[in-house]
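The values are calculated or read from the model by the stated rules, or taken from the named source; none is laboratory data. Only a predicted model underlies this, so the values are computations on that prediction, with no experimental measurement involved. Cβ coordinates were reconstructed from backbone atoms using ideal geometry, including for glycine residues, and neighbour counts include every protein chain displayed. Keep in mind that these areas ignore ligands, DNA and RNA; they rest on the heavy atoms of the full protein, side chains included. Shrake-Rupley method; radii C 1.70, N 1.55, O 1.52, S 1.80 Å.
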Amino acid sequence: MSAITLYTGAMLQGAVITLELTAGATVVSLIAGAAGAVGRLYGPRTLKAFIFGYVETIRGLPAILQLFILYFGLTQFGIDVPAYWAAFIWLCLYGTGYAIEIFRAGLQGIPEGQHEATAALGLTRFEAMRRVIIPQAWVAMLPALTNFVVLELKNTTLVYFIGVQDIMFHARLGVSNSGQPLAIYGIAALIYIVLNGTISRVGGILEKRAAIAS
Amino acid sequence: MTVQLASILGLWGSYLPSFMRGLVITMEITGLGLAVAVVLGAILAGFKLSKFKALRVIATVYVDIIRSIPVLVLLFLAYYGLGQLGLTLSGIASATAALGAFYAALLCEIFRGGVQGVERGQREAADALGLGRVSGFVRVILPQAVLRILPPSTNQLSNIIKDSSLVVTIGVADLMARSYEASATTFEPMDMFVLAGLIYMALYLVIARAIGRWELNVQRRRG
């Protein structure tokens with residue numbers, strides 16, 4: 001029993017790393033994703049094509065393959081990225097690909113009439129975006145954004161493979177030392193259920209508020 | 001430059017047979033996982049649409065819990081955890097169980113949405129024609145629901161293909177694992193991962209195209 005308490009403590013310490021990676025990568029991905037979506041929709045042709053290719057590549061390749069490319073693949077060119085940063089950069093690149101799609105769909109989902117209405121009101125393009133288009137797109141995008149954070153958090157489970165000390169890292173260590181896979185992976189599952197459940201709950205509250213506000 | 005390209009192509013050529021054997025395992029895991037997910041997902045969707053509250057609660061709890069567990073954790077629970085209970089599964093069987101359990105939860109929601117999306121009037125029309133509950137569902141509701149179910153299900157299939165690569169962590173020699181091993185033996189990791197990536201992309205494109213064509217067929221027959 002004490003072994004399990006011990007490794008539960010270690011997993012909770014790992015949860016800090018997991019959350020750190022998730023939060024950091026989410027912030028970077030959302031900013032880069034918003035910029036990418038604008039480029040994808042309104043940018044010059046070559047930029048549109050590049051962003052399209054980027055998104056398709058990120059969405060088409062297995063997550064673990066992308067992480068391996070960054071961590072192991074780049075060593076072929078003498079680039080040695082420390083594990084933690086490889087994990088973080090991968091989560092950002094991966095997240096950006098998905099975030100671009102969410103923002104693009106959100107912006108495109110606003111009916112043409114809304115754009116015309118802002119023009120009729122004499123709003124500049126920037127004002128129109130800020131006061132009319134984005135507030136509406138935001139409400140529509142919230143469920144997808146909640147799923148996005150959950151997806152990023154689940155992705156962090158892969159980083160143990162390159163030695164980053166997240167929840168899974170400590171879980172595996174605990175299993176090999178105690179020989180109790182069912183209990184320890186069960187507790188790991190429980191930690192993920194609580195974390196993801198909390199994210200979904202917060203997303204739900206935001207959705208409700210946004211729905212009332214609009 | 002050309003010398004380099006030739007050496008990469010030569011390297012790819014020598015590893016291609018091994019990668020292709022890995023691809024077969026990737027497809028095997030994907031197919032088995034999908035089969036379990038479709039059957040279990042359909043049962044869960046049936047529970048969700050049932051008039052019995054207990055069944056609805058079971059399905060809802062299952063979907064909510066499973067969806068928030070990372071597939072990797074499910075895989076370790078199946079591979080290492082069940083072994084502790086005396087139920088030792090092979091790597092491929094564990095992957096089938098983990099992918100099946102996880103994607104059943106997602107497919108359940110897609111199936112339920114597809115069936116509920118068919119207008120109420122269609123059900124009433126089936127009743128008016130004297131079709132029984134079962135034949136009304138099979139001959140009127142289901143054919144219409146399929147059109148709503150196919151596109152999002154195709155998306156999930158591509159996710160299953162990608163997630164099948166997680167078996168690299170439990171030593172199953174799938175495409176991902178073979179590229180990982182080759183990356184260590186050749187000291188040219190990037191070349192090996194790029195080849196694996198191209199094969200994954202090709203697999204996805206072939207499957208997406210096949211399903212797209214099937215969808216078109218279904219739509220055309222519907223008129």
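Averaged per residue, what accessible surface does the protein assembly as shown expose to a 1.4 Å probe, in Å²? Can you show the working numbers first?
Values: 21700 Å² over 437 residues.
That works out to 50 Å² for each residue.
Determine the relative contact order of chain B: mean sequence separation of Cα pairs under 8 Å and six or more apart, normalised by residue count, in whole percent.
27
Carbon-plus-sulfur fraction of the accessible area of region B:128-218, 1.4 Å probe, in percent? The partial results should precede the final answer.
Values: 2710 of 4290 Å².
Result for region B:128-218: 63 percent of the exposed heavy-atom area is carbon or sulfur.
Only Cα pairs under 8 Å and at least 6 apart count here; give the relative contact order of region A:2-213 as a rounded whole percent.
Details: 214 pairs, mean separation 68.5, N = 212.
It comes to 32 percent, rounded to a whole number.
How big is the A-B contact in terms of buried accessible area, both chains counted, 1.4 Å probe, rounded to the nearest 100 Å²?
Numbers: alone 11870 and 12760 Å², together 21700 Å².
The buried area between A and B, both sides summed, comes to about 2900 Å².
Each residue of region A:29-38 in order: what ³J(HN,Hα) in whole Hz does its phi give by Karplus 6.51 cos²θ - 1.76 cosθ + 1.60, θ = phi - 60°, with x for Gly and Pro?
Karplus-based 3J(HN,Hα) across region A:29-38 equals 5, 5, 5, 5, x, 5, 4, x, 5, 4 Hz.
Taking the simple approach of a point 7 Å from Cα along Cα-to-Cβ for both B:Ala93 and A:Ser178, what is their distance in nm?
2.6
Let me check I've understood the local charge: for B:Ala42, count other residues with C-beta under 15 angstrom from its C-beta, Lys and Arg +1, Asp and Glu -1. What total comes out?
Values: positive: B:Lys48, B:Arg112, B:Arg148; negative: B:Glu109.
Overall, the nearby charge balance is +2.
Can you tell which of B:Ala173, B:Ala210, B:Ala78 shows the greatest fluctuation in a Gaussian network model of chain B with Cα springs below 10 Å?
B:Ala210
Using a simple charge model, +1 on the beta-carbon of Lys and Arg, -1 on the beta-carbon of Asp and Glu, nothing else, what dipole does the protein assembly as shown show about its Cα centre, in debye to the nearest 20?
Values: 32 positive and 22 negative charges, 303 e Å.
Charge dipole, the protein assembly as shown, about its Cα centre: 1460 debye, nearest 20.
Quick check on region A:68-172: what does the Kirkwood estimate of hydrodynamic radius come out to from the alpha carbon pairs, in Å? Intermediate results must be reported in sequence, preceding the final value.
Working: mean 1/r = 0.0605 Å⁻¹.
About 16.5 Å, per the Kirkwood formula over Cα pairs.
How big is the C-alpha Rg of the protein assembly as shown next to the rule-of-thumb value 2.2 N^0.38 Å, as a ratio?
Details: Rg = 23.5 Å, N = 437, 2.2 N^0.38 = 22.2 Å.
Computed over Cα atoms of the protein assembly as shown, the ratio equals 1.06.
Just which residues of region B:156-182 lose 10 Å² or more accessible area with every protein chain there, against their chain alone, with the probe set to 1.4 Å?
B:Lys162, B:Ser165, B:Leu166, B:Val168, B:Thr169, B:Met176, B:Tyr180
Taking K and R as +1 and D and E as -1, what net charge do the other residues with C-beta under 13 Å from the C-beta of B:Tyr15 add up to? Walk me through the numbers on the way to the answer.
On the way: positive: B:Arg21, B:Arg178; negative: B:Glu181, B:Glu188, B:Asp191.
Combined, the nearby Lys, Arg, Asp and Glu give -1.
Would you jot down the residues in region B:67-83 that end up with at least 30 Å² less accessible area in the complete protein assembly than in the chain alone, with a 1.4 Å probe?
Relative to the lone chain, where solvent access is computed with a 1.4 Å probe, region B:67-83 loses at least 30 Å² at B:Ser68, B:Ile69, B:Pro70, B:Leu72, B:Val73, B:Phe76, B:Leu77, B:Tyr80.
Using θ = phi - 60° and the Karplus form 6.51 cos²θ - 1.76 cosθ + 1.60, what ³J(HN,Hα) does each residue of region B:71-77 get, whole Hz, x for Gly and Pro?
Here the 3J(HN,Hα) series is 4, 4, 5, 4, 4, 5, 4 Hz.
Compute the label zone of B:Arg213 within region B:150-173: residues whose backbone N is under 13 Å from the point 7 Å along Cα-to-Cβ.
none
So what's the angle, to the nearest 10 degrees on a 0 to 90 scale, between helix A:45-60 and the longest Cα principal axis of chain A?
That works out to roughly 30 degrees.
So for the pair A:Leu19, B:Glu124, with labels modelled 7 Å out along Cα→Cβ, what separation do we get in nm?
About 5.2 nm separates the two model spin labels.
Given Cα pairs under 8 Å that are at least 6 residues apart, what percent is the relative contact order of region B:122-223?
20
Can you show me the helix-derived [θ] at 222 nm for chain A, built from DSSP H runs with n ≥ 4 at -39,500 (n - 2.57) apiece and divided by the number of residues, rounded to the nearest 500. Before the final figure, lay out the partial values.
Details: 9 runs with 172 residues, N = 214.
The helix-only estimate for chain A comes to -27500 deg cm²/dmol at 222 nm.
Can you pull the one-decimal nm distance between simple spin-label points at B:Ala202 and A:Ala105, each 7 Å off the Cα toward Cβ?
Here the answer is 3.0 nm between the modelled labels.
Restricting attention to the alpha-carbon atoms of chain B, what are Rg (one decimal) and Dmax (integer), both in Å?
Every Cα atom of chain B included, Rg and Dmax give 21.4, 74 Å.
State the percentage of accessible surface on chain A attributable to carbon and sulfur atoms; use a 1.4 Å probe and exclude ligands, DNA and RNA. Let's see the in-between values first.
Working: 6970 of 10420 Å².
Taking all protein chains in place, chain A shows 67 percent carbon and sulfur surface.
How much net charge surrounds B:Gln4 when only the other residues with a Cβ under 15 Å from the Cβ of B:Gln4 are counted, with Lys and Arg +1 and Asp and Glu -1?
Net charge in that neighbourhood comes out at -2.
Calculated from DSSP H runs of 4 or more alone, at -39500 (n - 2.57) each and per residue, what is the 222 nm mean residue ellipticity of chain B, nearest 500? Let's see the in-between values first.
Numbers: 9 runs with 175 residues, N = 223.
Per the formula, -27000 deg cm²/dmol.
Among B:Leu99, B:Leu34, B:Leu203, whose mean-square fluctuation peaks in a Gaussian network model of chain B (Cα, cutoff 10 Å)?
With Cα springs under 10 Å in chain B, the top fluctuation among B:Leu99, B:Leu34, B:Leu203 is at B:Leu203.
Enumerate the aspartates and glutamates that B:Lys48 could reach by cross-link, defined here as Cα to Cα under 13 Å, with residues fewer than 8 away along the same chain left out.
B:Asp64, B:Glu109
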